[in-house]
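This report refers to the structure that appears directly beneath it.
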Amino acid sequence: MNMKPMDLQELEKRFQEKIDKEIKIEPNDWMPDEYRKTLIRQISQHAHSEIVGMLPEGNWITRAPNLRRKAVLLAKVQDEAGHGLYLYSSVETLGADREATIDDLHSGKAKYSSIFNYPAVTWADIGTIGWLVDGAAIMNQVALCRCSYGPYARGMVKICKEESFHQRQGFESLVTLCNGTPTQKAMAQDAMNRFWWPSLMMFGPSDDESPNSAQSMKWKIKRFSNDELRQSFVDATVPQAEILGLTIPDPNLKWNEETGHYDFSPINWDEFWQVVKGNGPCNKERIEARTKAKEEGMWVREAAMAYAEKRALKKTA
Ligand code: FAQ
């Protein structure tokens, strides 16, 4: 039996009609609580991913092999910070408190992308992160430019332009390594071996294990399912690996004439859930780094607040 009052039912009906007509939902529009909650969850996780994602690469800024690579890497890491900030602003438009959202990351309550719990141990990892991780991120995020929530969709347009540069710089860096000495090529292959499967995991659990997908697709927050995007990523990336002369670490990877896609081996979902639950190689280190950054930057925030208060007092006086 449906116990909802008529006006709520009517509001929900009109809301879905708007979505079906591709009209964007804006912050002051009426929206179901669950739609708001889903967006706060997804966008804040996305923001945390961008910020935590700065750590593995930031670690290599001082060790980039030349000035050009260093400038590019510095620009990329700064872009990720910018993405995090747009996304936190977008979360605020939904009425969420920014500080509370960030505290949820530090307390371990909030999730962020599993991929950033793997270490970047060699310079080839930096090219590989650009190529595979940013490549996977774009595959997912281009679709988010058409998300039904206006502020998120518009933020994603700029983010995708920058992610596209990130992917290209990663690929270009790997072209250099793969055409370099045998040791450099082996380093690129080793990075590929370690990052391939975690990159496929970025798209989330398979469709039949994804509790949020059905409703998010109906609300047009998500436009494609996790498996559809993962397949598109594999299909797009295999020819790129061939250009680089790198072997994808999957003996079952092969072109399927019937489906028009590449077949690939099952994903190790135990590993994925272990990493998501906090037991990946770098989870502890990542949260410690973010908490330390917050503590060390506290004096700046306190000084800014004190200055703002002083100015406000002066004005009233
Ligand atoms: N890691 O029901 P679903 C980047 C969670 S940005 C950890 O399928 P949904 C840029 C999921 O939250 C990368 N947790 O969930 C960059 C849910 O948990 P909950 C981040 C994951 O939301 C590059 C549960 O599993 N991109 O890389 C993951 O419908 C280089 C069940 O899953 C985004 O955040 C995972 N991989 O679909 C930066 C894009 N996958 O909340 C620096 C926006 C799933 O119910 C360097 N997000 N979970 O407790 C999305 O598109 C979606 O949220 C999905 C997951 C597709 C990630």
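The values are calculated or read from the model by the stated rules, or taken from the named source; none is laboratory data. Treat the numbers as computed from the prediction; the structure is a model and nothing was measured. A quick note on method: Cβ atoms are made from the backbone with ideal geometry, for glycine too, and the neighbour counts reach across all protein chains shown.
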Report summary line: Selection over region 286-310 where residues are without any contact (Cβ under 8 Å) to a residue 60 or more places away in the chain and within 18 Å of P119 (Cα to Cα) yields a count of 1
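Residues are listed down the side, and each one gets a yes or a no for (1) within 21 Å of T122 (Cα to Cα); (2) more than 16 Å from the ligand (Cβ to nearest atom); (3) exposed (fewer than 15 other Cβ atoms within 10 Å of the Cβ):
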{"position": "E162", "(1), (2), (3)": "no, no, no"}
{"position": "Q167", "(1), (2), (3)": "yes, no, no"}
{"position": "Q189", "(1), (2), (3)": "yes, yes, no"}
{"position": "I248", "(1), (2), (3)": "yes, yes, no"}
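Name the residues in region 224-267 that are in contact with a strand residue (DSSP E or B) (Cβ under 7 Å, 6 or more places away or on another chain) and among the β-branched types (V, I, T), would you?
The first filter runs over region 224-267 and keeps only residues in contact with a strand residue (DSSP E or B) (Cβ under 7 Å, 6 or more places away or on another chain), leaving 231, 234-235, 238, 252-256, 262-263.
Within region 224-267, V234, V238 meet the criteria.
Identify the residue in region 75-121 that is polar (S, T, N, Q) and within 21 Å of I25 (Cα to Cα) and, among all such residues, is surrounded by the fewest Cβ atoms within 10 Å (Cβ to Cβ). Can you show your working first?
Of all residues in region 75-121, those polar (S, T, N, Q) come to 78, 89-90, 93, 101, 107, 113-114, 117.
Next cut, within 21 Å of I25 (Cα to Cα) only: 89-90, 93.
Numbers: S89: 14, S90: 25, T93: 17.
Only one residue fits best here, namely S89.
I need the helices (runs of 4 or more DSSP H) fully contained in region 201-317, keeping only those with at least 2 residues that are aliphatic (A, V, I, L, M) and over 20 Å from the mean Cα position of the chain (by Cα). So that I can check it myself, show each step before the final result.
Working: elements: 213-218, 226-244, 269-274, 283-296, 298-316.
Result: 226-244, 298-316.
Take the residues in region 206-220 that are of a type in the set (S, T, N, Q) and farther than 16 Å from Q231 by Cβ; name whichever of them is farthest from the ligand (Cβ to nearest atom).
Kept after step one, since they are of a type in the set (S, T, N, Q), are these residues of region 206-220: 206, 210, 212-213, 215-216.
Retained after the next criterion (residues that are farther than 16 Å from Q231 by Cβ): 212, 215-216.
Numbers: N212: 3, Q215: 9, S216: 5 Å.
For region 206-220, the residue satisfying everything is Q215.
Take residues that are away from the ligand (no atom under 12 Å from the Cβ) and more than 29 Å from A191 (Cβ to Cβ) and tell me which of the helices (runs of 4 or more DSSP H) falling wholly in region 97-160 contain 3 or more. Walk me through it before giving the result.
Working: elements: 98-106, 123-128, 134-144.
Hits in region 97-160: 98-106.
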Query raised in the report: Would a scan of region 45-55 turn up a residue that is surrounded by fewer than 23 Cβ atoms within 10 Å (Cβ to Cβ) and farther than 21 Å from M156 by Cα?
Result: yes
Requested in this report: Report, by residue number, each residue of region 31-75 that is in a loop (DSSP other than H, G, I, E, B), away from the ligand (no atom under 11 Å from the Cβ) and over 13 Å from T93 (Cα atoms).
Outcome: P32, N59, W60, A64, P65, N66
Query raised in the report: Pick from region 1-24 the residues that are at pLDDT below 90 and part of a loop (DSSP other than H, G, I, E, B): which of them is farthest from S148 (Cα to Cα)?
Result: M1
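Condition check: modelled with pLDDT of 95 or more, more than 9 Å from the ligand (Cβ to nearest atom) and surrounded by fewer than 17 Cβ atoms within 10 Å (Cβ to Cβ). Does E228 satisfy that? Reasoning before the result, please.
Values: modelled with pLDDT of 95 or more: yes; more than 9 Å from the ligand (Cβ to nearest atom): yes; surrounded by fewer than 17 Cβ atoms within 10 Å (Cβ to Cβ): yes.
Here the answer is yes, as E228 does meet what is asked.
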